[in-house]
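Trainee: Take this structure first; my questions come after.
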Protein chains: 2
Amino acid sequence: MSKAKEKAYSRIRAGIVSGELAPGQHLKEEELAELCDVSRTPVREALRQLESDDFVERRDNQRVFVANWTDAEIDDVFVLRAMLEGYAAGRAAQSISADALAALTTHHLSIVDAVGPNGRIDHDVFMQHNRAFHNIIIEAAGSQRLAIMLQRLVEQPVVLRTLVSYSARDLHRSIEQHAEIIDALEAGDAVWATAAMTGHIHHAQRVFHRAQAADASQIAAQ
Amino acid sequence: MSKAKEKAYSRIRAGIVSGELAPGQHLKEEELAELCDVSRTPVREALRQLESDDFVERRDNQRVFVANWTDAEIDDVFVLRAMLEGYAAGRAAQSISADALAALTTHHLSIVDAVGPNGRIDHDVFMQHNRAFHNIIIEAAGSQRLAIMLQRLVEQPVVLRTLVSYSARDLHRSIEQHAEIIDALEAGDAVWATAAMTGHIHHAQRVFHRAQAADASQIAAQ
DNA sequence: GAAAATCGAAAAGTATACATTATAACTGAA
DNA sequence: TTCAGTTATAATGTATACTTTTCGATTTTC
């Protein structure tokens, strides 16, 4: 990607993820140009990209706003992701290579390490290896198009913004689910892999719901 | 959409669908600007759109080429579409309204009319009502995101370009499948609707394959 | 003679000036 | 006072000039 456009894209995206640019806020090209220290031209291109990534939305007359996700839309994303990623896991079970399986196990162990025996969690390491784990399976499904669809569903501002605070029990279950997914893939059992992955994503959705409810009660308590 | 950008988008897209702009051809912004009688700016925006619609692809260093679909990629699209649209039909079965069902039947009958008893087919009318038929089911699934995903899969240059010449038998089967899908939706049977729709798309894939093989042998005979 | 480096041309990236459109505010009339 | 129409302002859309980068070709050196 070109320099100024990349600069604008990452700056605006970071602003949205951090909350600096609030959901529903009107994004004016000139303001963003000043914020990013580039001209309007690359800002416009960045906004197109952010639009297709669902970080911003265009309303009525070409005005751009920070995407404002309803609970229903977030649920929709989780449901679609469960379906698509379950499907991807099923396909991966029929074609995944030994190398990919080994890499999967490596990331799995890194996640176990990141959680550690003492309950302290390195969130960044956890997220990084979790992402890698899922990406390996998606790639093993062997469909570039499916991978792009899933990427669009996974990289959502709402999910990225919220600090998903897994409880110890949730973490344990999530790790167990990863182990089961590996087993299913090793066995080459597409049905099993699909079921395990679908359940895993639904579990994540549940955890996300609880985190949101906790946030809401915190805000209400203030 | 704005005037010049829309002009550029539709002109370039039409060129790709018609074959005037051949697969693999390098699209230069200045040339396109002249072709569309607009400046480079709206051309650039149109190219971004066409890129996300998979009509063009960016290679190495930001150079844009007319998308060149391999057989494997086309198959991939059909398989994903079968999965997603089958899923959509299943969801639609649980929530479709009486109005939507009535509209579905209307389009179905229009398709029957377009084919007619004498074997002559009005392709435009067929295509139009076929598209409407599928769109109603996709909308009835109640997921904007799913609808967008499917739209991207359906509106493909390869599919649009090829004159899909259904045989009389293929047409008859396709119409029967539509009737069965309506029955499944009316019955509120998600499993049935999913199966019927999945089969319908796989059948379309098969017809497409035959049409391509026929094209290939025609070209070889020249 | 082959490989690497440099130079030139062409295409994409960026900035800015200008055109158009849409929204909001203000004024006038009912 | 309210509604409608007009005008002004502010934002986006478009054109063009300029900058940077890349690809290709030619030349030079090993």
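Trainee: So, in region B:87-106, exactly how many residues are of a type outside the set (D, E, K, R) and surrounded by 20 or more Cβ atoms within 10 Å (Cβ to Cβ)?
Mentor: Step one: filter region B:87-106 for residues of a type outside the set (D, E, K, R), giving B:87-90, B:92-98, B:100-106.
Imposing the further condition that a residue be surrounded by 20 or more Cβ atoms within 10 Å (Cβ to Cβ) reduces the set to B:87-90, B:92-93, B:96, B:104.
Residues flagged as of a type outside the set (D, E, K, R) and surrounded by 20 or more Cβ atoms within 10 Å (Cβ to Cβ) within region B:87-106 amount to 8.
Trainee: Still on this structure: For region B:108-144, give me each residue that is over 17 Å from the mean Cα position of the chain (by Cα), assigned to a helix (DSSP H, G or I) and surrounded by 14 or more Cβ atoms within 10 Å (Cβ to Cβ).
Mentor: First, the residues of region B:108-144 that are over 17 Å from the mean Cα position of the chain (by Cα): B:108-110, B:112-122, B:140-144.
Narrowing the set further to residues that are assigned to a helix (DSSP H, G or I) leaves B:108-110, B:112-115, B:140, B:144.
Answer for region B:108-144, where residues must be over 17 Å from the mean Cα position of the chain (by Cα), assigned to a helix (DSSP H, G or I) and surrounded by 14 or more Cβ atoms within 10 Å (Cβ to Cβ): B:H108, B:S110, B:V112, B:A114, B:V115, B:A140.
Trainee: Can I ask one more? Being of a type in the set (D, E, K, R) and more than 8 Å from DNA strand D (Cβ to nearest atom) is the filter here; which residues of region A:1-30 pass it? So that I can check it myself, show each step before the final result.
Mentor: We begin by selecting, within region A:1-30, every residue of a type in the set (D, E, K, R); these are A:3, A:5-7, A:11, A:13, A:20, A:28-30.
Residues satisfying the conditions are A:K5, A:E6, A:K7, A:R11, A:R13, A:E20.
Trainee: For region B:148-222, give me every one of the helices (runs of 4 or more DSSP H) that falls completely inside it and has 3 or more residues that are modelled with pLDDT of 80 or more, surrounded by 15 or more Cβ atoms within 10 Å (Cβ to Cβ) and of a type in the set (D, E). Don't jump to the end; show me each part of the working.
Mentor: On the way: elements: B:157-161, B:168-187, B:190-221.
Where helices (runs of 4 or more DSSP H) fall fully within region B:148-222 and carry at least 3 residues being modelled with pLDDT of 80 or more, surrounded by 15 or more Cβ atoms within 10 Å (Cβ to Cβ) and of a type in the set (D, E), they are B:168-187.
Trainee: Among the helices (runs of 4 or more DSSP H) confined wholly to region A:1-90, which include 2 or more residues that are more than 10 Å from every other protein chain (Cβ to nearest Cβ), in contact with a strand residue (DSSP E or B) (Cβ under 8 Å, 6 or more places away or on another chain) and at negative phi? Talk me through it step by step, then tell me what you get.
Mentor: Values: elements: A:3-18, A:29-36, A:40-52.
Result: A:3-18, A:40-52.
Trainee: If A:D37 meets every condition in (1) over 22 Å from B:S52 (Cα atoms); (2) surrounded by 14 or more Cβ atoms within 10 Å (Cβ to Cβ); (3) more than 14 Å from DNA strand D (Cβ to nearest atom); (4) at pLDDT 95 or above apart from one, which number is that one?
Mentor: All conditions pass for A:D37, except number (2).
Trainee: Filter region A:165-193 down to the residues that are within 19 Å of the chain's Cα centre (by Cα) and β-branched (V, I, T) and list them by number.
Mentor: A:I175, A:I181
Trainee: Which of the residues that make up region B:130-157 are of a type in the set (S, T, N, Q) and under 23 Å from B:A102 (Cα atoms)?
Mentor: Filtering region B:130-157 down to residues of a type in the set (S, T, N, Q) leaves B:130, B:135, B:143-144, B:151, B:156.
Answer for region B:130-157, where residues must be of a type in the set (S, T, N, Q) and under 23 Å from B:A102 (Cα atoms): B:N130, B:N135, B:S143, B:Q144, B:Q151.
Trainee: Conditions first: (1) within 22 Å of the chain's Cα centre (by Cα); (2) touching a residue at least 24 places away in the same chain (Cβ under 8 Å); (3) within 12 Å of DNA strand C (Cβ to nearest atom). B:S18 passes all but one, so which condition is the exception?
Mentor: For B:S18, the failing item is (3).
Trainee: So A:L27 ticks every box in (1) more than 17 Å from the chain's Cα centre (by Cα); (2) at pLDDT below 95 but one. Which box is left unticked?
Mentor: Unmet condition: (2).
Trainee: Of the numbered conditions (1) surrounded by 18 or more Cβ atoms within 10 Å (Cβ to Cβ); (2) over 22 Å from A:E139 (Cβ atoms); (3) under 23 Å from the mean Cα position of the chain (by Cα), B:L32 fails exactly one; give the number of that condition.
Mentor: Of everything listed in (1) surrounded by 18 or more Cβ atoms within 10 Å (Cβ to Cβ); (2) over 22 Å from A:E139 (Cβ atoms); (3) under 23 Å from the mean Cα position of the chain (by Cα), B:L32 misses just condition (3).
Trainee: Does region B:48-66 hold any residues that are within 16 Å of DNA strand C (Cβ to nearest atom) and closer than 13 Å to B:V159 by Cα, and which are they? Spell out how you get there, then give the answer.
Mentor: First, pick out the residues of region B:48-66 that are within 16 Å of DNA strand C (Cβ to nearest atom): B:48-52, B:55-66.
Across region B:48-66, the qualifying residue is only B:F55.
Trainee: Still on this structure, please answer the following. Just give me the residues in region A:57-71 being within 17 Å of the chain's Cα centre (by Cα) and buried (at least 16 other Cβ atoms within 10 Å of the Cβ), in sequence order.
Mentor: A:A67, A:W69
Trainee: If you don't mind, there's one more thing I want to ask. Just need a number here: residues in region A:72-86 that are crowded, with 21+ Cβ neighbours inside 10 Å and among the charged types (D, E, K, R).
Mentor: Selection size over region A:72-86: 2.
The values are calculated or read from the model by the stated rules, or taken from the named source; none is laboratory data. Treat the numbers as computed from the prediction; the structure is a model and nothing was measured. In this analysis, Cβ positions are derived from the backbone assuming ideal geometry, glycine residues included, and neighbour counts consider all displayed protein chains.
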